[in-house]
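The values are calculated or read from the model by the stated rules, or taken from the named source; none is laboratory data. These figures come from a predicted structure and were not determined experimentally. Positions of Cβ are backbone-derived with ideal geometry, glycine not excepted, and every protein chain shown enters the neighbour counts. Surface accessibility is based on the protein's heavy atoms, side chains included, excluding ligands, DNA and RNA. Shrake-Rupley method; radii C 1.70, N 1.55, O 1.52, S 1.80 Å.
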Amino acid sequence: MTTLVLMRHGVAEEDHPDGDAARQLTADGHARAGRAARGLVALGFAPDVVVTSPLIRCRQTAALVADAAGCPVVEDLRLAPGMGVNDLLEVVLDHPGADTILACSHQPGLSYALSDLTRCGTIGFRRPGAAVMRLELPRVGMGEIIAVLPPRVLRAAAPPRS
């Protein structure tokens, strides 16, 4: 059984001269994503590996989660905008030794994948919100939703920085 955490990146710049892929987290987005990452770990959902879209805003968010969890980050093009449920399932299958995998990606792909995996209907992801599911088998419809964690819940769960 695998625990899969889907997380949307933090709040990013509106635009960037080098295009959408180069948009970075804002200062506030970075701070809030860092608190959300610490909250996710404090709630007991520390990943063994963080897999991220190659876009900068996702890589930055993923690095904050990996730092909080003390785990590696792997960049994966399949989590870029346009990700589908089969892309996500392939990512899960590529990490057979991980009990908990966090996938950092974009909307609307996260909502669609969550719906397809759990048959829970459409749930939105605010930035940087997360949803947690258990996968008995990495197949469409085989996920069981464990938690939907809006950003404010993740931030509230974060322990103070020491």
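Brief remarks on what is shown
- Top-ranked residue in the range 53-79 [being aliphatic (A, V, I, L, M) and more than 25 Å from L43 (Cβ to Cβ); ranked as most open to solvent (accessible area, probe 1.4 Å)]: L77
- Candidates G82, G141, G109, filtered to the one that is small (G, A, S), free of Cβ contacts under 8 Å to residues at least 60 places away in the same chain, loosely packed, with under 15 Cβ neighbours inside 10 Å and under 22 Å from R57 (Cβ atoms): G82
- Residue within the range 110-119 that is within 23 Å of A21 (Cα to Cα), among the aromatic types (F, W, Y) and in a loop (DSSP other than H, G, I, E, B) present: no
- Residue list for the range 20-37, filter: more than 20 Å from D76 (Cβ to Cβ) and either open to solvent by 50 Å² or more (accessible area, probe 1.4 Å) or assigned to a loop (DSSP other than H, G, I, E, B) (or both): T26, A27, D28, H30, R32, R35
- Selection from the range 55-98 of residues that are outside any helix (DSSP H, G or I) and more than 23 Å from R23 (Cα to Cα): G70, C71, D94, H95, P96, G97, A98
- Residue list for the range 92-108, restricted to those being over 16 Å from A66 (Cα atoms) and among the acidic types (D, E): D94
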